[in-house]
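Written out below as structure tokens is the structure these notes cover.
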Amino acid sequence: MFEQTFKNIDDILHKDAGCSSELDYVEQTSWILFLKYLDDLEKDKKTAAKLSGKTHAGIISPEYRWEIWAVPKDNDNKLDHHKALTGDDLKEFVDHRLFPYLKKFKTNAESPDTIEYKIGEIFNELKNKIQSGYNLREVINLIDELRFRSHAEKHEMSHLYEDKIKNMGNAGRNGGEYYTPRPLIKTIVKIVAPEIGNKIYDGAAG
């Protein structure tokens, strides 16, 4: 499931004027993937809190949550095309509202050990390079189909992502290009699969 999705996303980004190499494909896939995973994580926390008679407010403000800006759904749990941003509207929102909002997490966080700080650190080190809001919409739709709730799903995704980062590692060093920001690599893989997080991070830093 994950492998085919990654291939489909690469095909879309290959057509985009803002993504000139496979290194860009990894970086741009990563920040969207991270936000989707963060949304799944928040849903799990909300469910756990409810079961214990508590409430979980969530890290992300309502208007910036995945199910609001990225994939608003209709009553049949399908993408609501009347509400879903696309084209220039989507790019405008991501570049001028979403990213500035996420960057502020770093300065507002209580300490560097918090997930809030890591979110801010990630989005201060990268930008959306996808120039076509229509391509961005296609990528978001594909990533929304992925699930990271079970151990098996997390295991599959982590290994595929590890292979992808390794392949890009050599290309990045040989080409002298700086690819997927280290905080993003470190955070997304440690959240998904702590046992391989350091290995990927160290390889990317080399």
Return the total of residues in the range 131-159 being in a loop (DSSP other than H, G, I, E, B) and not hydroxyl-bearing (S, T, Y). 6
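Return a yes/no flag: does the range 22-29 have any residue that is over 16 Å from the mean Cα position of the chain (by Cα), of a type in the set (S, T, N, Q) and either at pLDDT 90 or above or not in a loop (DSSP other than H, G, I, E, B) (or both). So that I can check it myself, show each step before the final result.
At the first step, the residues of the range 22-29 found to be over 16 Å from the mean Cα position of the chain (by Cα) are 22.
Those still in the list that are of a type in the set (S, T, N, Q) too: none.
So far as the range 22-29 goes, no, none of its residues is over 16 Å from the mean Cα position of the chain (by Cα), of a type in the set (S, T, N, Q) and either at pLDDT 90 or above or not in a loop (DSSP other than H, G, I, E, B) (or both).
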Can you confirm whether D44 is closer than 24 Å to H159 by Cα and more than 16 Å from the chain's Cα centre (by Cα)? yes
Can you confirm whether the range 54-61 contains a residue that is at pLDDT below 95, surrounded by 13 or more Cβ atoms within 10 Å (Cβ to Cβ) and of a type in the set (K, R)? no
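The values are calculated or read from the model by the stated rules, or taken from the named source; none is laboratory data. The structure presented is a predicted model; accordingly, all values stated were derived computationally and were not measured. So basically every Cβ, Gly included, is an ideal-geometry build from the backbone, and we count neighbours across all protein chains shown.
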